[in-house]
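Chemist: Input: one structure, supplied below.
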Amino acid sequence: MSPRLLWFVFVLISIAAFVEGNRSIGERCSPNDLGGLNSFKAGIQMDTSGRLERWVGHSCCKWEGIVCDNTTGRVTELHLPGFISSNEFLFQSQMTGSLSPSITLLTSLEVIDLGGLTGLTGNIPPSIGFHIPKLRKLYLYGNNLTGAIPESIGKLSKLEELVLHENRLSESLPPCLGRLKNLRILLLYSNQFFGIIPDSFKNLTNLVKLDLHGNSLTGQIPDRISQLQVLEELDLSNNLLSGKIPSSLTNLTAISVMYLDTNYLEGAIPFPSSSGEMPSLGFLRLHNNLLTGKIPPSFGFLVSLQRVSLANNNLGGSIPPTLGNLLALTELYLGGNRLSGQIPKSFSKLSQLIVLNISHNLIQGPLPHEMSSLQNLQILDLSINRINLSTIPQWLAELPSLSRIFLAGCGIQGKIPEFLQTTPSPIQELDLSANHLTGTIPAWLGSLSQLYLLNLSRNSLVSNIPDSITRLHDLGVLDLHSNKLTGTINQVFEIGQRFPDGSLTYIDLSDNSFTGGIEKIGTGTQRGIQFLNISHNYLVGRLPSTIDRLASMRSLDLSYNILGSDLPEALADVSLLETLKLQENHFTGKIPNGFLKLRKLKDLDLSHNLLVGEIPVGKPLIDFPESSYSGNKGLCGKPLAPCKL
């Protein structure tokens, strides 16, 4: 045989061997990998996606959710997320069972994705760091895992993303996390971690996103957290952190989102004194803390800020005019502090501002007319201040984008101004509560076709509710309580009847002088009502049997009226009821046995009526105190005195 022919035969044999080798790699599965996957499957009692039931045979590289290395045949990725998406649908699957520690037998794993499997219990395997050294991404979020983060996790030197949020993990955060030098994303929020934030976190110099909110972390924010130079998002909210915000935090030069809200932080807010600091800071949230002191004028040098929230702290002093330098600002929340003085005229330069909330402070008037230049402002909340407007400035109603106006407790007097019916942008939410408004509710309110919230409570408005209000098919919240309104209220239950899906969920007409019956409750299309309070009026008649059509009702207060007759059995079919207040009326007859079906009931008051007979025995009725039934002379049984035979 010639040398050329021999070479040709050798090449053919080599190709055949290569093809056979690849075929066999696809066919076989490493014994360790196969054992680990089968152990994982054995720990799952239910899989609604059906993926695991198709794990049969020995060719695990062909199984759904498994990715293998083409050269070694070892399993490198395990993808079994709870959310399964395709071009046609998004499906939430469930796996019920325990996470098997044998998953660590898959020693070549680089990605583990079991996120969103809410029925997955157990612990993170304690030896995970010893046996899976190549792991880059670990997604165990949205499960039901308990226990601590194992110390061995600090040995996963290649780990880039550690996503464990929304579990029931506890204990303290292990300092070993600081050894994960390649970590870019660390999400541990909505767990039960306690103790301090380890100082070792300063070593996570590649970290882009850090989210620890919704735990029970204590102590101070680590002083050297500023060493995380590429950090873009920091969320430490909803914890028990204390002390001052460290001054070194102002050295963060690449952070773009920062959340420190809902903790118990104390002290003043230190910020840079020159324009060279924090040039990329875009989102800053420090609300719901115990921060004190003034807002530093240097705040105005953080020129990249887009969203700022300092709400619900103990900040005092005036609002620094330098905030007008934040030309990229779109949202500013300063409510719930002790800020005083006036709104700076420099706010007129915030041309991108969409939301301005300075409610619940000590701000004084007048409002600067320069604010009329805020062409993009959509939401304005100045409620509960010392502004004493007397009247709503007309320029405010001429802002071209303003659709949500909250001016509760601003000292507004007189009638509701007519220019509110011709605003450039349709009003969607209007809160003028706790003012000194007089006169009637104007009929033109019915022309505000996009109105969702109307709050005129705690004023001195008189007369009837205009019939035009029934045209507000988008109305979801109607609060008129504590006025001097008269007439009937049945038209309220006709709101949106011409439309198939009414949006009304909240009605409060209490503390007025309404008369007549309530027979139209449940007869219209507004069956999504969740809160209904018409107490402290002069309503008469019976509670209609159509009440059961309000299937979404969670709170019903009809107390302090003159309603009578027997309690309808239909009320027992409003199964979502949590609050039922019927005291101080003239209801008669027995408490329906069907009330035992109101399993969600937490607050019940049937006192001071004319009810008789034995209180039905069982939960939830037996759990309420004597005061829930007192004042009914014919009523007996627990928790009242025993019934006489």
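Chemist: Could you grab me the full set of residues in the stretch 458-471 that are within 20 Å of S503 (Cα to Cα) and either hydroxyl-bearing (S, T, Y) or at pLDDT 95 or above (or both)?
Modeler: Narrowing the stretch 458-471 to residues within 20 Å of S503 (Cα to Cα): 465-471.
Answer for the stretch 458-471, where residues must be within 20 Å of S503 (Cα to Cα) and either hydroxyl-bearing (S, T, Y) or at pLDDT 95 or above (or both): S468, T470.
Chemist: When the residues of the stretch 110-126 are filtered to those that are buried (at least 17 other Cβ atoms within 10 Å of the Cβ) and in contact with a helix residue (DSSP H, G or I) (Cβ under 8 Å, 6 or more places away or on another chain), which remaining residue is nearest to E64 (Cα to Cα)?
Modeler: Selected residue: I112.
Chemist: Something else about it: Please verify whether I124 is touching a residue at least 24 places away in the same chain (Cβ under 8 Å) and outside any loop (DSSP other than H, G, I, E, B), treating the condition exactly as stated.
Modeler: Details: touching a residue at least 24 places away in the same chain (Cβ under 8 Å): yes; outside any loop (DSSP other than H, G, I, E, B): no.
It is false that I124 is touching a residue at least 24 places away in the same chain (Cβ under 8 Å) and outside any loop (DSSP other than H, G, I, E, B).
Chemist: Okay, next question. For residues that are charged (D, E, K, R) and outside any strand (DSSP E or B), scanning just the stretch 561-601, find the one that is surrounded by the fewest Cβ atoms within 10 Å (Cβ to Cβ). Working first, answer last.
Modeler: Taking the stretch 561-601 and keeping what is charged (D, E, K, R), we get 566, 569, 573, 578, 581, 584, 590, 597, 599-600.
Those still in the list that are outside any strand (DSSP E or B) too: 569, 573, 578, 584, 590, 597, 599-600.
Details: E569: 13, D573: 17, E578: 15, E584: 18, K590: 15, K597: 16, R599: 10, K600: 13.
Top of the filtered list is R599.
Chemist: Among (1) farther than 26 Å from L188 by Cα; (2) without any contact (Cβ under 8 Å) to a residue 40 or more places away in the chain, there is one condition G73 misses while meeting the rest; what is its number?
Modeler: G73 satisfies all of (1) farther than 26 Å from L188 by Cα; (2) without any contact (Cβ under 8 Å) to a residue 40 or more places away in the chain except (2).
Chemist: For the stretch 489-517, enumerate the residues that are closer than 19 Å to P466 by Cβ, at pLDDT 90 or above and part of a loop (DSSP other than H, G, I, E, B).
Modeler: L509, N512, S513, F514
Chemist: Would a scan of the stretch 19-32 turn up a residue that is surrounded by fewer than 12 Cβ atoms within 10 Å (Cβ to Cβ), at pLDDT below 90 and within 19 Å of Y139 (Cβ to Cβ)?
Modeler: no
Chemist: In this structure, does G116 turn out to be small (G, A, S), touching a residue at least 40 places away in the same chain (Cβ under 8 Å) and in a loop (DSSP other than H, G, I, E, B)?
Modeler: So G116 does not fit the description; no.
Chemist: Considering the stretch 390-437 alone, what residues qualify as being of a type in the set (V, I, T) and surrounded by fewer than 20 Cβ atoms within 10 Å (Cβ to Cβ)?
Modeler: The answer is T391, T422, T423.
Chemist: Could I ask something else about it? Taking the stretch 328-353 as the region of interest, how many residues are under 13 Å from V308 (Cβ atoms), aliphatic (A, V, I, L, M) and in a loop (DSSP other than H, G, I, E, B)?
Modeler: Number of matching residues: 5.
Chemist: Search the stretch 462-476 for residues that are on the phi > 0 side of the Ramachandran plot and pair each with any residue that is surrounded by 19 or more Cβ atoms within 10 Å (Cβ to Cβ) when their beta-carbon atoms are under 9 Å apart and the residues are at least 6 apart or on different chains.
Modeler: Final answer for the pair search is S463/I441; S463/L485.
Chemist: Scan the stretch 294-315 for residues that are β-branched (V, I, T) and surrounded by fewer than 23 Cβ atoms within 10 Å (Cβ to Cβ) and jot them down.
Modeler: Once the filter is applied, which keeps residues that are β-branched (V, I, T) and surrounded by fewer than 23 Cβ atoms within 10 Å (Cβ to Cβ), the stretch 294-315 yields only V303.
The values are calculated or read from the model by the stated rules, or taken from the named source; none is laboratory data. The model shown is predicted, which means the values in this text are computed figures rather than measured ones. Note: ideal-geometry Cβ built from the backbone for every residue, glycine included; neighbour counts use all protein chains shown.
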